[in-house]
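One structure is given here, and the rest of the page talks about it.
Bear in mind these aren't lab numbers, they're just calculated from the coordinates by the rules spelled out. For clarity, every value in this text was computed on a predicted model and none was experimentally measured. Neighbour counts are summed over all protein chains in view; Cβ atoms, including those assigned to glycine, are modelled from backbone coordinates with ideal geometry.
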Amino acid sequence: MGIPGDNLIKMYRKMILIRNFEDRVHRLFLSGEMPGTIHLYQGQEAVAVGVCASLRKEDVITSTHRPHGHAIAKGVPVKSIMAELFAKTTGCCKGKGGSMHVGSIEVGMVPAIAIVGGGIPVATGMALAFKMKRLDRVAVSFFGDGASNGGAFHEAINMGSIWDLPLIYVCENNLYGASTHVSKVMKLKDIAERASSYGIPGIVVDGNDVISVYKAAKEAIERARKGEGPTLIECKTYRRGGHSRSDPGQYRDKKEEGIWLAKDPISRMHKNLIKMSILTEEKGKRIENEVKAQIDEAIEFAQKSPSPKPEDVLKDVFA
Amino acid sequence: MRRLTVAEALKEAIREEMRRDSTVFCIGEDIGIKGGWGGAFTVSLGLSEEFGHLRILDTPISELGIAGVAVGAALMGMRPIADVEYGDFIFLAMDQLINNAAKLRYMSAGKLKVPMVMRIPVGASGRGAQHSQSVESYFIHVPGLKVVCPSNAYDAKGLLKTAIRDDNPVMFFEHKLLYGAKGRRENVDARAEVPQEEYLIPFGVADIKRRGSHVTVIATLRMVYTVVSAAEKLKDEGISVEIVDPRTLIPLDKDTILKSVRKTNHAVIVHEDNLTGGWGAEMAAFISSEGFDYLDAPLKRVCAPDTPVPFAPIMENYWVPDEADVIRAVREVMNR
């Protein structure tokens, strides 16, 4: 398939990192050690990782209310994400953001925008800036199936299209907007079809296969860099958990869950890599252990970090 | 010295700033179309000839998109001047302005800045309920936004240049009847002498339009003219009116307002927007809490009634606060 083994291992490691990060965060929330609310990314790791693998540090992304995976994939330090979730001053937003707004512009991630669809025009504007400044940079907007029914999606994609902006619209279709199945709120089979309304390519990919995502994204990113305009990539995927931390997901059909859980992106990648002799069980274990140690370290860092001063609330309103 | 209209002054500000700084650009509907109008009120007419169609960027009718794209471009170091043709359309863009433009700096703990200007034409001018509203008050409530409302050409130019150079999102309100009206309304001539040499007007500095000793009247935009003509009549009754035009509502020049009230001991606030929850309420609360001891009588607000803006000229004239309303309010606070 022409992707160097090292790159595949890197992607695999990132996916394991996201999965373990989210699993630990989930437990920390349930045990009451973390404040706030969370929207977890388990099951969708291949999307964030597959797309971000072809991005450079100076490329930028916008994310959603479910942003931990995007942040890790784009290279926001895990410690600073964890510290943000613990509401500490060492967090990537110094405790002002929280779970739904993690991000760090130093590595090309705007604080996640938690209004559904709200980041799509912003990414479009960032791409416009790159075009105006003649910079070799691209913008990516991650959003869910739900966002594709909102005005922001349609207005922004149309603008990205007419101006041929260096931009990729990545729709993570995990079949549910909160508790509502996509089939109840959309007649189309594929959200990617919506691209045809705006005269740009719309591509459907298996969002649980990191290699498919990687290939589609790479091609779209190259197209964008060449000034050929945006692409809408729909990644079909599935949330392993509920919408947010307190959601048991009772609206989901057990059979459907079973089918999707069997298509888990990490176990599939694991199997593939073993088959390709790029990974051994032993090396897989080692990666898992290293990742777990990294997360332990991040948790310790976060827990030991100082809380913000209450009066810090007054800072950072105006430049 | 040259006398410019507000539209001319705004255009000059944009042109100067675009020449000075290549990151400044305009984005909006109908702003650069050849054979078009240069925006709804001619402000950008002719600019695309000098700056091209990428920097005078015409958009689809997508107010949400315009605001959101401006936010994104600003995040990446551009300085967009975005335009909605009528202030009433800004409601389509509220999510982008309030949740993104105003909050991204805060959410990023000061790492990001959003240097954008949103130009918003307001004011009743015979166009009915959805093209007439004054919407400044919605924005003074949003931490992270600056709110500017110039009443004449000199202020418009100097304040717009400051707005463009400001590192924060600035909501810039322009009254439709002040642009350059060809004598369509009596007593409303916002033209002003505008020097050739460059000048900027800092935010948060009120302008005392008229010195007086008996009552302070605070007004912005078109209402400044209504108050000026009311003050002329009140002079004949022996009432000396001091008129304060704050010019920017956020930041607000509280010192100048309090100093004036301390001198006159009476205050009247006038705005074209309807009464309830308007910026006059915030002004009244501020003067009452910080200047209570200076007041010899309860302050008064002169505002439109709590209805949408009507169409029929006879009704619109009733709706918009006028000279008689101001005179009545001043007499009441003066107990005359």
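Below are the figures for this structure:
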{"read-out": "Relative contact order of region B:207-333, pairs being alpha-carbon contacts under 8 Å that are 6 or more residues apart, as %", "value": "28"}
{"read-out": "Descending principal axes extents, region A:247-294, alpha-carbon based, whole Å", "value": "38, 27, 10"}
{"read-out": "Reciprocal of mean inverse Cα separation for the protein assembly as shown (Kirkwood radius, Å)", "value": "26.7"}
{"read-out": "For chain B, calculated [θ]222 nm from helices alone, where every DSSP H run of n ≥ 4 adds -39500 (n - 2.57)", "value": "-10000 deg cm²/dmol"}
{"read-out": "Between region A:206-250 and region A:26-79, the alpha-carbon center distance in angstrom", "value": "13"}
{"read-out": "With 5 Å bins from 0: P(r) over region A:149-214, alpha-carbon pairs, percent", "value": "3, 14, 24, 24, 19, 12, 2, 0"}
{"read-out": "Dipole of region A:104-170 [Lys/Arg +1, Asp/Glu -1 at C-beta], most positive-end residue of A:LEU128, A:ALA147, A:SER104", "value": "A:LEU128"}
{"read-out": "For region A:5-301, the fraction of alpha-carbon pairs in successive 10 Å shells from zero, as %", "value": "7, 30, 37, 22, 4, 0"}
{"read-out": "With 10 Å bins from 0: P(r) over chain B, alpha-carbon pairs, percent", "value": "6, 27, 35, 23, 9, 1"}
{"read-out": "Taking B:ILE61, B:ILE140 and counting other C-beta atoms within 10 Å, the order from fewest to most", "value": "B:ILE61, B:ILE140"}
{"read-out": "Region B:3-193: Cα Rg divided by the 2.2 N^0.38 Å rule of thumb", "value": "0.95"}
{"read-out": "Cβ crowding within 10 Å averaged over residues, with A:289-297, A:48-56, B:114-122, B:28-36 ranked highest first", "value": "B:114-122, A:48-56, B:28-36, A:289-297"}
{"read-out": "Entries of B:LYS111/B:LYS146; A:LYS184/A:LYS236; A:LYS189/A:LYS263; A:LYS236/A:LYS285 with Cα pairs more than 23 Å apart", "value": "A:LYS236/A:LYS285"}
{"read-out": "Alpha-carbon centroids, region B:274-315 and region B:163-182: separation in whole Å", "value": "22"}
{"read-out": "P(r) tail fraction, region A:106-256 - alpha-carbon pairs more than 28 Å apart, %", "value": "18"}
{"read-out": "Members of A:LYS74/A:LYS94; A:LYS133/A:LYS226; B:LYS161/B:LYS259; A:LYS57/A:LYS315; A:LYS74/A:LYS292 lying beyond 24 Å, as alpha-carbon distances in this model show", "value": "B:LYS161/B:LYS259; A:LYS57/A:LYS315"}
{"read-out": "Contact order relative to length of region A:193-259, as percent, for alpha carbon pairs under 8 angstrom and 6 or more apart", "value": "31"}
{"read-out": "³J(HN,Hα), Karplus 6.51/-1.76/1.60, whole Hz, each residue of region A:29-46, x for Gly, Pro", "value": "5, 5, 7, x, 7, 10, x, x, 9, 9, 10, 9, 10, 4, x, 10, 4, 5"}
{"read-out": "Over chain A: helical MRE at 222 nm, DSSP H runs n ≥ 4 each giving -39500 (n - 2.57), nearest 500", "value": "-13500 deg cm²/dmol"}
{"read-out": "Calculated on alpha-carbon atoms, Rg and Dmax of region B:207-333 in Å", "value": "13.7, 43"}
{"read-out": "Order of A:ASP59, B:ASP21, A:ASP164, B:ASP253 - criterion: other Cβ atoms within 10 Å of each residue's Cβ, fewest first", "value": "B:ASP21, A:ASP164, B:ASP253, A:ASP59"}
{"read-out": "Averaged over A:107-118, number of beta-carbon atoms from partner chains that fall within 10 Å", "value": "4"}
{"read-out": "Listed peptides B:74-83, A:7-16, A:227-236 by packing density, highest first (mean Cβ within 10 Å)", "value": "B:74-83, A:227-236, A:7-16"}
{"read-out": "Residue-wise HN-Hα coupling along region B:266-275, computed from phi with Karplus coefficients 6.51, -1.76, 1.60 (Hz; x: Gly, Pro)", "value": "9, 9, 10, 10, 10, 9, 6, 5, 6, 5"}
{"read-out": "DSSP bridge orientation in the protein assembly as shown - percent antiparallel, rounded to nearest 5", "value": "15"}
{"read-out": "Number of partner chain Cβ atoms within 10 Å, mean per residue of B:98-107", "value": "6"}
{"read-out": "Residue-by-residue Karplus 3J(HN,Hα) for region B:318-335, coefficients 6.51, -1.76, 1.60, Hz, glycine and proline x", "value": "5, 5, 6, x, 10, 3, 4, 4, 5, 4, 4, 5, 5, 4, 5, 5, 7, 6"}
